[in-house]
1. Counting other beta carbons within 10 Å of each Cβ, put A:253, B:285 in order, fewest first.
2. Could you list B:374, B:503 so that the one with the fewest beta carbons within 10 Å of its beta carbon is first and the one with the most is last?
3. Quick one: give the max-minus-min coordinate of the C-alpha atoms of region A:483-550 along each principal axis, largest first, in Å.
4. Please report the antiparallel percentage of the DSSP beta bridges confined to region A:332-467, to the nearest 5.
5. Taking the alpha-carbon centroid of each part, what is the distance from region A:466-487 to region A:503-562 in angstrom?
6. Compute the distribution of all C-alpha to C-alpha distances in region B:216-361, in bins of 5 Å from 0, and list the percent of pairs in each, rounded to whole numbers.
7. Taking the Cβ-Cβ separation of residue B:323 and residue B:269 as r and a Förster radius of 25 Å, what is the calculated FRET efficiency to the nearest 0.05?
8. Straight-line reach from residue A:321: which aspartates and glutamates have a Cα under 12 Å away, not including same-chain ones fewer than 8 places off?
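Readers should treat all values here as calculations from the given coordinates under stated rules, not as data from a laboratory. Just so it is clear, the structure is predicted and the values come from calculations on it, not from any experiment. Here the Cβ positions follow ideal geometry from the backbone for every residue, glycine too, while neighbour counts run over all protein chains shown.
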Protein chains: 2
Amino acid sequence: MARCKSDARRGGPWRGACVNPFSRLVAQRSASGRPEDSGTHIERWPGRTDINRSENIARSPRRPLSASLQVLLDYLPTRKTVNSSAHAYLTLNQVRTMAASASTRKPVLSLESINPAVLDVHYAVRGELALKAVAYEEQLHDPVKAKELPFDKVVTANIGNPQQKGLNQRPITFWRQVISLLENPALFQDHLDVISKIYPADVIARAKTLYGEIGSVGAYTHSKGIPAIRKKVAAFIEKRDGHPANPEHIFLTAGASAGVSQILGLVLKPGEGCMIPIPQYPLYTATLAYIHAKPVPYYLDEATGWSTSTEGLIQGVNKAKADGIKVKALAIINPGNPTGGVLSRESMEKVVQLCYDEGIVLLADEVYQRNIFDPKDRPFISFKEVVRSMPKEVANSVELVSFHSISKGVSGECGRRGGYFELTNIAEDVVEQIYKMASVTLCPPVTGQVGVDLLVDPPKPGDASYDQWLAETTLTHDNLRDRSKLMSERFNQLPNMSCQPADGAMYLFPQIKIPERAIEEAKKRGKAPDVMYTLDLLDATGICSVAGSGFGQEAGTYHLRVTALCPGVEDYVGKIEKFHKEWIAKWA
Amino acid sequence: MARCKSDARRGGPWRGACVNPFSRLVAQRSASGRPEDSGTHIERWPGRTDINRSENIARSPRRPLSASLQVLLDYLPTRKTVNSSAHAYLTLNQVRTMAASASTRKPVLSLESINPAVLDVHYAVRGELALKAVAYEEQLHDPVKAKELPFDKVVTANIGNPQQKGLNQRPITFWRQVISLLENPALFQDHLDVISKIYPADVIARAKTLYGEIGSVGAYTHSKGIPAIRKKVAAFIEKRDGHPANPEHIFLTAGASAGVSQILGLVLKPGEGCMIPIPQYPLYTATLAYIHAKPVPYYLDEATGWSTSTEGLIQGVNKAKADGIKVKALAIINPGNPTGGVLSRESMEKVVQLCYDEGIVLLADEVYQRNIFDPKDRPFISFKEVVRSMPKEVANSVELVSFHSISKGVSGECGRRGGYFELTNIAEDVVEQIYKMASVTLCPPVTGQVGVDLLVDPPKPGDASYDQWLAETTLTHDNLRDRSKLMSERFNQLPNMSCQPADGAMYLFPQIKIPERAIEEAKKRGKAPDVMYTLDLLDATGICSVAGSGFGQEAGTYHLRVTALCPGVEDYVGKIEKFHKEWIAKWA
């Protein structure tokens, strides 16, 4: 697509118009009988002068039409794919069209020319539906246009965003007090008397300690994260699991997503496979597409609360092998997203054994570890603990990366972008490579790192903030559990809907039995049937959910992911119920 | 590398020891005459029992030696590469070694097995030297070991990290006051009377406005960034350039690095080329290596203050073409890093014209736009302004992505991770793809986004914070300019050193004429000569710099990048001078 190369080589003035060798291609296309050849172009001609990238040299004051045409015609004899008879049939209109095309510099970037891996990336959580929801939200701000809508607010039930406007999860006071002091240390350095009246003593003490370790939260930190905070993460893991943790194998990250992307990009060569649960959080498929790696699905069993079965895993591995894909990693989300399932120790041991047997790196996404609804019957167990509790040859060899985050749990600090991953049984020279890659992104956001400190080391009994911290976090936890329970119960009473109760996390993933007529209608609209359902739900109620097809599901089944974060039950579940009944009745 | 597949299929208990088909490979290697075959392995045997991944089935209580050997021997007849005569020569020691190897599960991840693109990534700014600096810093914390060092502190002059401990750049008070209120809105909601005594009125007003727009800084925002802040960025750009800006073409980012990586990964297909200046900030080469794209160097001219010459650019393009590389993008850093050069309008127009002529996307890294030392003679001009001021066919077609950041300038808020990029002349369907990719990373850190608001809309004359803001930012700016000037003057007085004065940014990139004997010594040590210089500088003074080879330089020339951020002139420049004179004398 070189243009005016000779001019550029001569260093000539850029103001001179020039003809692009690329115009040869354009001319070929024009002469090839495609629609561009038709005389109708001439009719649209006058309207095109002011459109970007459609300046035409034929109209340029600096180069008269005849000269431009001459240049074009000069190219014609050299064209290889246009034979002389085609040449003979060129009309004046066609030549004019060619003259116009010749000067239309095509953009370098188009869907054809960008990295094709980008086109392969799909991310339903914030796709078409989310865009439509944003448009509705804007419409609601306009008093006149708002009246056209059958709802007065948009409920974004598509993302686990606990602190978003309109929801009732408030930030943990202890967190925000500590961070506000780190943001402006003058508050405790110069105004301690004033601040002491507002903030509890443990808040001020924590801020002073962190300030001593970190200094300004506006400075870059160690690329792995602040050493003192990594030590505290190690202590947290040791206490949780009863096995040692090494701060040098802990990396703080800008949320779990950043860590997952980084690790997938390092572990997998292009073409290698990563097992992912179906349904799954679409970060995995999106990242794999981007790095040219292959998702290898394994199906969770809906009938048994979305459990992970050894059979499903082995089927996945064997299918990949049959397809010639080397399975290098296995991603598992526990508690599950979107399913809410919590794995039993037995299931986890089988997963670990499979990784040992097959030589697979285990990636454990454990960001919902604090969102456990029935800790007695279905406690959270970390994969680190399971790996380390297995016989020595397994315990000391299965390579594991465990992810955690401040975005979920009872903190819900998504916007801060904080989290960590821990490396288990990873060779030291590979750890160094991970460190190098972390260095390129400089460091995670510092107050996100501080969030990790507050996550792993909350106020203790006796601390001035303890009672408030306990009350706030218990409320958030119980609200989530109760809403989740109530929602699955009510969903299960609806016609054509069944819903596995969640053991944890913050979503429900009910199955919808979509009537045949609706499936046919969806086909006509060019949508997946569950996408049609979610679009209709949004149009009718302002509730933005995500269709199951965005997460993957068994062929012929349809689901919906909704968060169990909601403003009020009737405003949310009641609206879904009403819509669902009407929609099913309409298409039955 | 399938292990125990049959066991796994049967769902058998994972506690049973098993033999890996992989052992065949190990056995082949052992029989192939490599050192593993030697009897010395047997001597090391007893010491290996507790080593990770070296559990041996021969010693397993669950499977006696003879059975293990039998399994191994069962495999032997099926081995394809070991002929029967080799088989005949197996000694008992060799078989024992094989038995041990069979149970040594090799880690899945090694330097050979990870994504090779990761190995190609180099990032000198935080490499070997930086690691050594960290080690020295730890040593200084130990009162006894600290005495072994010839310095009492480490000066990290390797990264532009204005707010790091030990430097004298304080955060802008206005920024930190506003953000502390957003972190804890209770301060203005419940304690306005108290806070009003500490914080100026405009701080409280700004926090309230932002809180109204954003809500909690702990919630995810729009993936492009908070709409109200993008509108303010557009207004800032319009005012700066005198050309319209569209908020929908502005994306807030987690610093400029995150934006650059995202854009490079979208623009370039694997194998395509991106022109990068030499010397360059190594983010570019690192990212290109990771995405399998090719760096196409163009050399800046040291003699003319590191200017960008059309000749250098065209040489780069032609070289790439000769090598069969399609040049798709051109990265340019203005003001320059590490050079400090500021481009003239004439140079910029030539760059834009080249992009037009050759069909190249222009990536303008303008993060140092506020660090301009002589605004009259060498003002900052944005590429957006230059593109839009060119004749219509160029102005409306050259595709440009411009990057800015809160990390540099006079704010220096690197740890917050905030910035933005603006898209100019990018096709709408490509903008949508960029938006999709931004969605996968969810959203930039929210207080990083707030930082962008404060960057583009600082206090105005008449605002309560204005005088303090002006005094603080002027001090930071003038300090940087004065130190930069003084440093280049003093460097130029040293033997074997010459230094182009910087027009902007926050670095100096002096050239060192390294004596032949030192070059020979470096060869012996297996280091680049300038890397040896920087290591020796660190060992002698505690000053951590970066060798020019980390940025790229003309063959046979050697440089050093140091920041013009420093605690005190004598403690820093004085030490470099003393070291340099001695070092040159030693090797002359």
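1. B:285, A:253
2. The most exposed by this proxy come first: B:374, B:503.
3. Its Cα atoms span 37, 21, 21 Å along the three principal axes.
4. In region A:332-467, approximately 50 percent of DSSP beta bridges are antiparallel ones.
5. One Cα centre to the other: 29 Å.
6. 2, 9, 16, 17, 19, 17, 12, 6, 3, 1, 0
7. It comes out at approximately 0.95.
8. Partners found: A:272, A:358.
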